[in-house]
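Shown next, in structure tokens, is the structure this report addresses.
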Amino acid sequence: MRLTYTTKDYTYVVAGYGTRETSGYSIKVNDVYTGDNALYIDLNLIGPAAGEEVVETLTYPFLVVRCGRTELLCRIES
């Protein structure tokens, strides 16, 4: 899932990674930068570490990035 929403003061970028069958997932923001008339957000979905105790339940990892209002296109790289 990718969604961008702009208000009077802020631009919000939402990135979701769908349904996962266990706990233990997180999202890492590697970089946020502008270039080529766009705002780029470089993300990685990180799964549970080997041997990490997880709960078997549906989870929905997502992240919201808030920045100052921009008219730039928002591109998520992952």
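The values are calculated or read from the model by the stated rules, or taken from the named source; none is laboratory data. What you are looking at is a predicted structure, and each value in this text was computed from that prediction instead of being measured. Cβ atoms come from the backbone with ideal geometry, glycine included; neighbour counts cover every protein chain shown. All accessible areas refer to the heavy atoms of the entire protein, side chains included, with ligands and DNA or RNA removed. Shrake-Rupley method; radii C 1.70, N 1.55, O 1.52, S 1.80 Å.
Things worth noting here:
Okay, residues lined up against (1) surrounded by 13 or more Cβ atoms within 10 Å (Cβ to Cβ); (2) at pLDDT 95 or above:
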position	(1), (2)
Arg2	no, no
Glu21	no, yes
Val65	yes, no
Ser78	yes, no
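- For the stretch 25-39, the candidate set comprises residues that are touching a Cys at 6+ places or on another chain (Cβ under 8 Å) and not small (Gly, Ala, Ser); within that set, the residue that is least open to solvent (accessible area, probe 1.4 Å) is Leu39.
- Single residue of the stretch 37-78 satisfying the filter (hydroxyl-bearing (Ser, Thr, Tyr) and without any contact (Cβ under 8 Å) to a residue 40 or more places away in the chain) that is nearest to Ser23 (Cα to Cα): Thr57
- Total residues in the stretch 40-52, condition aliphatic (A, V, I, L, M) and either exposed (fewer than 13 other Cβ atoms within 10 Å of the Cβ) or farther than 14 Å from Val64 by Cβ (or both): 4
- Against the numbered list (1) touching an Asp or Glu at 6+ places or on another chain (Cβ under 7 Å); (2) open to solvent by 70 Å² or more (accessible area, probe 1.4 Å), Lys8 comes up short only at (1).
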